[in-house]
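The values are calculated or read from the model by the stated rules, or taken from the named source; none is laboratory data. What you see is a predicted model; the values in this text were computed from it and never measured. Quick reminder, even Gly has a Cβ in these numbers, built from the backbone with ideal geometry, and neighbours come from all protein chains shown.
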Amino acid sequence: MDEQEQIWIERYLAGELSEQEIEIIHKRMMEDPAFNSEVELSKLALSSLRLAKRAELKAHFSHRDKIKVGSSSKYFIGVIAVLLIVSVLWFLSYKKSNPETIQYMDSKIDTALMNTDKPIINDTMSIPKHPYPIAKKEIVPNNKENEIAKTPENAGELYAMHYTPFKDESLHIGLRGQNEMTSYTQFIQYYLASNYQATLSAFDSLGVSLQKSDNVLFIKANALMALNEIDEAQALFSNIIDRNKSRYINASKWYLAMCYLKENKLEEAKKVFGEVESKNTQQILNQLAHILNGKK
């Protein structure tokens, strides 16, 4: 990461960016795990510095009032040191275990627009020519434990047994440390709160670059699916899979198969479920085979 990118991150954490600039940062964080890890590391470092300042002020006032700081101050300093060490070790281990994501740091922010008095109007982050890095083990919904032993008799029952809207830690990217409500944070917060109609309304307020992001469209598709707008959701999931530019390709396959299941298209559902990499897939394929055999 170069100096100008660090300035962007510092301004982002200080709340000095415009809403359009924040949207660009959020888009970069969603599409570039290496850049996102830099932001998270900076947040940890900032928290450590705040703790250090708090301990310093406490020691100052204790000294002024002729109160010995004693072991309490030493405790705070020790906590701060541990936080800093853990932050650095975490980041180094991340780079070592994920070397393939570092190449995407070549996607730079246009430093010509770094003047604080010039608002950024366009999405100035260049997009990598290659597909964005996709998690090797993506999360799809866990089986509902109280439904596992049941044998579904039709597609509707199987859908009810396995369908849950997508919820994952990755959805919190860009929300931590943000005091100001932006259109993007509102969009994600509505979704996390299961307010799906408001999620779709918030999507319409996003900038053009975010509306075109497959990671954002994945959330929109899930909101549509939760509202039983299956045809629209199915079209979005299919497009996301075809473009292969999202971190949610595997999850998109799962939900596309669920769309087919909802529409009683059992053979199509079976084909797509077979492409999903998940420990839950075999069970649903077995249950789907039971339904298909019953129709013969």
When (1) touching a helix residue (DSSP H, G or I) at 6+ places or on another chain (Cβ under 6 Å); (2) at negative phi are applied to Val208, the one that fails is (1)
Of the residues in the range 276-287, those that are in contact (Cβ under 8 Å) with a residue 24 or more places away in the chain and assigned to a loop (DSSP other than H, G, I, E, B) number 4
Within the range 162-189, restricting to residues that are exposed (fewer than 15 other Cβ atoms within 10 Å of the Cβ) and part of a helix (DSSP H, G or I), the one that is modelled with the lowest pLDDT is His172
State the number of residues belonging to the range 233-251 that are part of a helix (DSSP H, G or I) and either on the phi > 0 side of the Ramachandran plot or crowded, with 16+ Cβ neighbours inside 10 Å (or both).
10
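Listed here are the residues, each with its yes/no results for (1) in a helix (DSSP H, G or I); (2) acidic (Asp, Glu).
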{"site": "Glu5", "(1), (2)": "yes, yes"}
{"site": "Trp8", "(1), (2)": "yes, no"}
{"site": "Glu16", "(1), (2)": "no, yes"}
{"site": "Glu21", "(1), (2)": "yes, yes"}
{"site": "Ile25", "(1), (2)": "yes, no"}
{"site": "Arg28", "(1), (2)": "yes, no"}
{"site": "Ser37", "(1), (2)": "yes, no"}
On the given criteria, is Lys212 within 22 Å of Leu292 (Cα to Cα) and either at pLDDT below 95 or not hydrophobic (A, V, I, L, M, F, W, C) (or both)?
no
Within the range 191-215, the residues that are of a type in the set (A, V, I, L, M) and out of contact with any Lys or Arg (no Cβ under 8 Å at 6 or more places or on another chain) are Ala193, Ala198, Ala202, Leu206, Val208
Go through the residues of the range 255-275 one by one and say whether even a single one is at pLDDT 95 or above, under 19 Å from the mean Cα position of the chain (by Cα) and either assigned to a helix (DSSP H, G or I) or crowded, with 21+ Cβ neighbours inside 10 Å (or both).
yes
Inside the range 224-275, can you point out the residues that are more than 17 Å from Leu158 (Cα to Cα) and among the β-branched types (Val, Ile, Thr)?
Ile240, Ile241, Ile249
